[in-house]
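First comes the structure, then the notes that go with it.
The values are calculated or read from the model by the stated rules, or taken from the named source; none is laboratory data. Since this is a predicted model, take the numbers as computed values, not measurements. We place every Cβ from the backbone using ideal geometry, glycine too, and count neighbours over all the protein chains shown. For accessibility, only protein heavy atoms count, side chains too; no ligands or nucleic acids. Shrake-Rupley method; radii C 1.70, N 1.55, O 1.52, S 1.80 Å.
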Amino acid sequence: MNKFTELQVDGYERVVRCDNLEVGFTAWVAVHDTTLGPALGGCRVWKYDSDEAALTDALRLSRGMTYKNALARLELGGGKAVVRTDLAAVDRAELFTQFGRFVEHLDGVYITAEDVNSTLADMEIVQRETEHVATVGGSGNPSPFTAYGVYCAIRACVRQKLHRDDLDGLTVALQGVGETGGRLAEMLFKAGCRIIAADINPVNLRNLQKKIDFEQVEAEQILEVESDIFSPCALGGILNDETISRLRCAIVAGSANNQLLQEEDGEKIRRRNILYAPDYAVNAGGVINISCEMEATYDAEMARKKTEVIGETLTEIIELSEREGLATNIIANRIAEEIIAAKKTDGQGAGEHQLIKTKSHQETAAGINRA
Ligand code: NAD
């Protein structure tokens, strides 16, 4: 049986712990902010070393979702679920049944989705217990949309930094050619880019080789490859004191989450005259795609169109960064905070039952100007 405990955490609207001794898991849902709408964020399943580590992850990730959803102009707040368990030792179907009941207990303030170690099949089990679950309404695998969003971001960065509209002949150094990096490589190749890639998984490199021509380098070398664009599509924390001085590119733009080890690293990159495209602005295509199944009948073409707003967002961030002499990550954070503040000021805080829909860029930009 699920046992629920409400936790008080400063800066978070609601944090709930769920213990289930029979199945063998403890889960946390952290709802960071629902000003813009119900909190959307995936369900991460991990064999955490401690309850503290799991809760810390839930808090960090849910706050990140608030910023990502706001900047993507979604009428969605930020939340996240983490489940501490050993997937090899539990009844998976029972785990996701009970997790579904946990989500239902929260009555729509949190909407769950796939994440690390949770799949579409798991979400179909969750759906039997609650309607507050995404990705089961036809939007499917978010990766193609995440990759397309990165592609749109790269185009915007090239326009701003290299003053050209096409990508023909540009060199892109890709770190990681998995779900997102592999698809991005294909798009860039089609646009005329020269691709240099590294991955620690030879299977993914071989899969890509069947589709496009590219040069391969060792994983340790990819950061130092001379390129127009370095695209991190693998790991977090990749931009740090040790690596920033080694970069030999004009632009950094990729799908990986939490690329900056610390916020200050954004300024260090700016001082090297390298344009850093803030990760959560760049990799929002997946969440934009998910939001499209919440509005009406899912339409992939519509989701693709909405993903293109990422290019406009990047242009806005870069222009402000240049005008104000501030790092792009600082500007991105500020825009997200202003979008939320504008909604609060308007007194239109989206309640948990409000219709979820994506905003047009123009509508939201007007919101920023008002703030
Ligand atoms: P993935 O696991 O499919 O691909 C990651 C690839 O990186 C793998 O091929 C892996 O072997 C490779 N890799 C790992 N360590 C490496 C290293 N040191 N050097 C080179 N390659 C390395 O994952 P993905 O879905 O493509 O996600 C990549 C990143 O994008 C992650 O940080 C993820 O959180 C983020 N992201 C993904 C999505 C999505 O829709 N898939 C959405 C938002 C953010």
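Here segment 147-193 is assigned +1 on the Cβ of each Lys and Arg and -1 on the Cβ of each Asp and Glu. Its dipole about the Cα centre then comes out at about 140 debye. May I ask you to list the GluC sites (Glu not before Pro) in segment 199-308 that are in a DSSP loop and have at most 12 other Cβ atoms within 10 Å of their Cβ? The qualifying sites are 218, 226, 263. Applying both filters, DSSP loop and at most 16 other Cβ atoms within 10 Å, to the trypsin sites (Lys or Arg not before Pro) of segment 1-102 gives 47. Protein heavy-atom accessible surface, 1.4 Å probe, per residue over the chain: 43 Å². Summarising the amide proton neighbourhood of residue 216: residues at separation of 5 or more, or on other chains, whose placed amide H is nearer than 5 Å comprise 197. Taking the charge dipole of the chain about its Cα centre, with +1 at Lys and Arg Cβ atoms and -1 at Asp and Glu Cβ atoms, the residue from 66, 180, 9 reaching farthest to the positive side is 180. Enclosing the Cα atoms of segment 143-326 in their convex hull gives a volume equal to 113 cubic angstrom per residue. Just going by the charge dipole of segment 218-294, with Lys and Arg at +1 and Asp and Glu at -1 on Cβ, which of 291, 275, 225 is farthest out on the positive end? Most positive-ward Cα: 275.
Go ahead and set up a Gaussian network model of the chain, Cα springs under 10 Å, then flag whichever of 154, 331, 212 fluctuates most. Largest GNM mean-square fluctuation: 212. Dividing the alpha-carbon radius of gyration of the chain by the rule-of-thumb value 2.2 N^0.38 Å gives 0.97. Note on the chain: antiparallel DSSP beta bridges, both residues inside, total approximately 45 percent of the bridges counted. Across all Cα pairs in segment 3-127, the calculated P(r) in 10 Å bins from zero up to the longest distance comes to 14, 50, 31, 5, 0 percent per bin. When the helices of the chain are scored as -39500 (n - 2.57) per DSSP H run of n ≥ 4 and the total is divided over every residue, the value at 222 nm lands at -12500 deg cm²/dmol. Springs join every pair of Cα atoms under 10 Å in this Gaussian network model of the chain, and among 333, 289, 117 the largest mean-square fluctuation is at 117. Running a GNM on the chain with Cα contacts under 10 Å, which residue among 171, 35, 345 ends up with the highest mean-square fluctuation? Evaluated over the chain, the most mobile residue of the options is 345.
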